[in-house]
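The values are calculated or read from the model by the stated rules, or taken from the named source; none is laboratory data. This structure is a prediction, so every number in the text was calculated from the model and none was measured. Quick reminder, even Gly has a Cβ in these numbers, built from the backbone with ideal geometry, and neighbours come from all protein chains shown. When the accessible area is computed, the model is the full protein with side chains, heavy atoms only, and any ligands, DNA or RNA have been set aside. Shrake-Rupley method; radii C 1.70, N 1.55, O 1.52, S 1.80 Å.
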Amino acid sequence: MAEVFDRVKKIIVEQLDVEEEKVTMEASFKDDLEADSLDVVELVMELEDEFDMEIADEEAEKINTVGDAVNYIDSTQS
Amino acid sequence: MLKGKNALVTGSSRGIGRAIALELAKQGANVAVNYAGSEDKAQAVVEEIENMGVKSFKVKANVADESDVKKMVKEVIGQFGTMDILVNNAGVTKDNLLMRMKPEEFDQVININLKGVFLCTKAVTRQMMKQKAGKIINVSSIVGVSGNPGQANYVAAKAGVIGLTKSTAKELASRNIHVNAVAPGFISTDMTDELTKEQKESMLSMIPLAKLGSAEDVAKTVRFLASDDANYITGQTIHIDGGMVM
């Protein structure tokens, strides 16, 4: 989990151009990290590439916080 | 003008799509030729393009089928490396008076002419967002603006394409993806050859420039919209109709 979080955090920092401290498990992409809907779509694309996986639209729509993304990815990694 | 750019033109084995594919190639773009049924004609277009010294290949796909479309886009990106220009041209007609039009005829035309544009656009967007650049040109029709008796399904689809163009343009503008439409009027092609003499005469009488357009007239406008010369244009529908609808 911690390893997934670090990789996700790195991508978020790059993609959304935010400070590392702001990227916590609880942080909401839209409310706390100032991402718009398209930013989140783009971020999900980057995460798919990073973790070599496909995140279905239905799953992607449920990703609102950093924790949502980390937990979803963690649940799929064996 | 388009040297080094990679393009996909749907429905480009004949008619306006073929002219667009050839024009983009003439300007230096590599062009993937999509077709649904006319394999021989698609192959002929590919050979014509290759003779211009750029890359080309044909790719079969029904644009109304999501998995077909995904495979097609994957293949184009696999072969060319990038996806710079998408021209959504594939279209069919199933003309009939509204009172006689079967729901299946309505669905079929909407699926290919409108949903096909949605599916292809969605499929290329990922790549274009990554590139932070892209040109999408949708081939609508002037009847999508003006209406036309006997074509309720076609007109609904083509009007839908204009709305889709505007929404997509607004959604993707921040990623430097330009989305525009062209609305050809009375263009001489296989499709217009099927119109009745009455339909043709009544249309000609409404064209200020008093002549039919050619597929090349449309292709040249598409080439402009696909080029960097059109970098400050998005969400627009350009009428190529001899002044028929202003």
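Pairs of Cα atoms nearer than 8 Å and 6+ residues apart set the relative contact order; for chain B it is 19 percent. Sequentially through region B:40-48, phi angles give Karplus couplings (6.51, -1.76, 1.60; θ = phi - 60°) of 4, 5, 4, 4, 4, 5, 4, 5, 4 Hz, Gly and Pro residues having no value and appearing as x. Under 5 Å from the amide H of B:LYS58 lie the amide H atoms of B:VAL33, each residue being 5 or more positions distant or on a separate chain, with H modelled from the backbone and absent for Pro and chain starts. Simple rule: put +1 on each Lys or Arg Cβ and -1 on each Asp or Glu Cβ in region B:1-139, find the dipole, and look at B:PHE57, B:VAL109, B:SER13; the Cα lying farthest toward the positive end is B:PHE57. The distance between label points at B:ASN176 and A:ASP32 comes to 3.2 nm (points 7 Å beyond Cα on the Cα→Cβ vector). Using every pair of distinct Cα positions in region B:44-111, the Kirkwood expression returns a hydrodynamic radius of 14.6 angstrom.
Rounded to the nearest 20 debye, the dipole size of the protein assembly as shown about its Cα centre is 1780 debye, using +1 on the Cβ of Lys and Arg and -1 on the Cβ of Asp and Glu.
When chain A is treated as a Gaussian network with alpha carbon springs shorter than 10 Å, the biggest mean-square fluctuation among A:VAL18, A:VAL44, A:VAL66 belongs to A:VAL18.
The solvent-accessible area of B:LYS26, taken with every protein chain present and a 1.4 Å probe, is close to 130 Å². Measuring between their Cα centroids, region B:46-86 and region B:145-197 lie 22 Å from each other. Diffusion coefficient (Stokes-Einstein, Kirkwood radius over C-alpha pairs, 25 °C, 0.890 mPa s) for chain B: 138 µm²/s, rounded to a whole number. Using C-alpha pairs below 8 Å separated by at least 6 residues, the relative contact order for region B:1-94 is 34 percent.
Ligands, DNA and RNA excluded, the heavy atoms of B:LEU97 present near 100 Å² of accessible surface to a 1.4 Å solvent probe.
When the residues B:SER167, B:SER56 are ordered by accessible surface, computed with a 1.4 Å probe over the protein chains alone, the sequence from largest down reads B:SER167, B:SER56. Just to be sure I understand the curve: with the Debye formula and one point per C-alpha of chain A, what is log10 I(q)/I(0) at q = 0.15, 0.25 Å⁻¹? Reported log10 I(q)/I(0), two decimals: -0.42, -1.33.
Over chain B, with every protein chain in place, what whole percent of the accessible area is carbon and sulfur at 1.4 Å, could you tell me?
Whole-percent figure for carbon plus sulfur exposure: 52.
Mean partner shielding of peptide A:44-54, defined as the number of other chain Cβ atoms within 10 Å of each residue Cβ, is 1. The accessible-area ordering, largest first, of the residues B:ARG18, B:ARG100 stands as B:ARG100, B:ARG18, per a 1.4 angstrom probe.
Mind running the shape call on region B:33-83? Use the C-alpha gyration tensor, a ≥ b ≥ c as the square roots of the eigenvalues: rounded below 1.5 for a/c, prolate if a/b tops b/c, oblate otherwise. In terms of gyration-tensor shape, oblate. The amide H of B:THR93, built 1.01 Å from its N in the peptide plane, has no neighbour under 5 Å, considering only residues 5 or more places off or on other chains. Within the full protein context, the accessible area of B:ASP40 is estimated at about 130 Å² for a probe radius of 1.4 Å.
Computed over protein heavy atoms with a 1.4 Å probe, the accessible surface of the protein assembly as shown works out to 49 Å² per residue.
Using the Cα centre of the protein assembly as shown as origin and beta-carbon charges of +1 (Lys, Arg) and -1 (Asp, Glu), tell me which of B:VAL69, B:GLY4, B:GLY81 is placed farthest towards the positive end of the dipole. Highest projection toward the positive end goes to B:GLY4.
Taking the alpha carbon gyration tensor of region B:1-131, multiplying each eigenvalue by 5 and rooting it gives semi-axes of 27, 17, 11 Å, largest first. The string of couplings for region B:123-132 from the Karplus curve (6.51, -1.76, 1.60, θ = phi - 60°) is 5, 8, 4, 4, 5, 5, 5, 5, 6, 6 Hz, one whole number per residue in order, with x for Gly and Pro. Between helix B:66-80 and chain B there is an angle of about 40 degrees, using the helix long axis and the longest principal axis of the Cα atoms.
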